[in-house]
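The values are calculated or read from the model by the stated rules, or taken from the named source; none is laboratory data. Bear in mind the structure is a predicted one, so any value in this text is a computation, not a measurement. FYI the Cβ positions are ideal-geometry reconstructions off the backbone, even for glycines, and counts take in every protein chain you see.
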Amino acid sequence: MKRIIQLFLLVITVSIFAQDFKPYKVKSGKITYEKLKYSTHSGFSTVNGVTTSYSKQVPYVAEQVIYYWKEYGDIAFEETYKISKFGGELLKEKVKTSERLWVKEHRYYFDFQKNKMYDDPFHLRIKCRENFQYYQIVGSWIKLQYMGVEVAGTKSILGREALYYKIDNSTDLYTWNNLVLKSENYYTNREGNKRKGLERAKIAIEIDTILKINDRLFNPNWLKREKLYKSLNGNKIGELIDATPNLLIQVAEMNPLEIQKNDIFLFVTTSLRLGKLQVLNIDDKNRLTIKFEWYYSNNSIGRNRDSFRIKNNSLVNIDNVIIENKPSEKVDFKWQNLGFPTIIPKNNIGIYLLKSSRTNTLKLKPYARN
C-alpha cells in the first residue's frame, strides 16, 4: 500500500511539473535586446615611416529583440526586428522579421517574410521535465542545459549583478535571476579550443519587471489562424459547406471576391474532393503563393503542399497540382490579378471563403471579363 501511495505521489509531481516550468525568479516583465554582429575592417597604417597591416572587428546593431514573459517564464513571447543591412547600413525603418512563442512543450515560430508558422519541440522544457528532480535541486535551467558549468564571475548589466558563465570556448552567458541579459558567441580555431574573436552578441539595453503585459501577446493571430487551418479536415470541410453556409462566402465567376493575404478557402475539386487552401502571399510580380490540402472520401489526406506559387492568369488543376496550358474540364480555378487579386472557380466547382479567417471588412468588386 505504501508503494502504491509513493507511485501515486510521483505521478502527481510529474504531472504538476509538466505544467509548471518557471525558469525565472521574476514573475513577469519585458527585456529589449540589441543583437550585434561584427564586420571585419582591414587596412594599413603607417607609424614613424613603418607601414603595417591591421584587421579589427567593428560591431553594429543588426536586430532588435523584444522579449516578454509571464508566470515566471512558464510562457514567453518574442518579437524580432531587422535594424540594418549586412555591414551596418541602417534601414530607413525597422522591419519585423519574426515572432516566437514558448508555451508548454511548443516553440512556435512565425516568419513574416514567408508568412508561415513552424512548430518545433521546446527542447529545454522537455529536458527539465525529464530531469525534474535535478532541476528542482539546482534551481537553474542553465546548469541543467549545460551540465557541469559553474558561475565564473559577475558583471553589472543595467544596474543588476549578472552571473557570468563561460559555457565553452565559443559561448558566454550573463544572467540575472536566470534571465539572460547578455550572450556572446566567438569564432574559434579549427580545433575549437581557442577563441579568435567575437562573431555575434545579444545585449539587454532595457528591462522592465513592473510593466503589466497584455495577455493577447501570448495568443497571436498567426497561431489562432494556424490552429483554425489545421482543425479543418475533409469531414469538417464537408460539414461547413453543407450545414453552415452562413460561415462562408461562395466565390463566383461573375461576381468574384477580392482575396487577401491569410484568407482561408474551402474548395471542391473537379474530382469532387474536398480541400482547403490559405493565401500566403501575393507578390509584386502578381504571383500567388498558397498552401493547400485535399482529402479522399475516407478523410485521408490526398495531396498537400506547404508552398505552391502560381503565376498570374494561370489555370490550376489542384487535383494533380499542375498548371494547365489551356482550358479543360480538369481546371479547378484561375488565378488572376488584373485590377484586383481574385480566384475564379471553373467547371462549376465550389470555392468558399471562410469568414473567420478575416479580421477586416470584406470587399466585393465587380468583375470585368478578359
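Table for the structure above
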{"quantity": "Any chance Tyr186 is modelled with pLDDT under 95 and surrounded by 12 or more Cβ atoms within 10 Å (Cβ to Cβ)", "calculated": "yes"}
{"quantity": "Condition check for Val11: among the β-branched types (Val, Ile, Thr), modelled with pLDDT under 95 and more than 20 Å from Glu184 (Cα to Cα)", "calculated": "yes"}
{"quantity": "When residues of region 75-93 are limited to those that are in a strand (DSSP E or B), among the charged types (D, E, K, R) and surrounded by fewer than 14 Cβ atoms within 10 Å (Cβ to Cβ), the one farthest from the chain's Cα centre (by Cα)", "calculated": "Lys92"}
{"quantity": "Residues of region 141-171 satisfying the condition of being assigned to a strand (DSSP E or B) and of a type in the set (S, T, N, Q)", "calculated": "Thr154, Ser156, Thr171"}
{"quantity": "Residue count, region 279-320 (criterion: under 21 Å from the mean Cα position of the chain (by Cα) and of a type in the set (Phe, Trp, Tyr))", "calculated": "2"}
{"quantity": "Subset of region 128-183 (residues that are crowded, with 17+ Cβ neighbours inside 10 Å and among the acidic types (Asp, Glu))", "calculated": "Asp172"}
{"quantity": "Whichever residue in region 313-327 is in a loop (DSSP other than H, G, I, E, B) and touching a Ser or Thr at 6+ places or on another chain (Cβ under 6 Å) and, among such residues, is surrounded by the fewest Cβ atoms within 10 Å (Cβ to Cβ)", "calculated": "Asp319"}
{"quantity": "Single residue of region 321-358 satisfying the filter (closer than 29 Å to Ala243 by Cβ and of a type in the set (Gly, Ala, Ser)) that is farthest from the chain's Cα centre (by Cα)", "calculated": "Gly350"}
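Table: residues versus (1) in contact with a Phe, Trp or Tyr (Cβ under 9 Å, 6 or more places away or on another chain); (2) touching a residue at least 60 places away in the same chain (Cβ under 8 Å).
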{"position": "Asp284", "(1), (2)": "no, no"}
{"position": "Leu288", "(1), (2)": "yes, no"}
{"position": "Asn304", "(1), (2)": "yes, no"}
{"position": "Ser307", "(1), (2)": "no, yes"}
{"position": "Val316", "(1), (2)": "yes, no"}
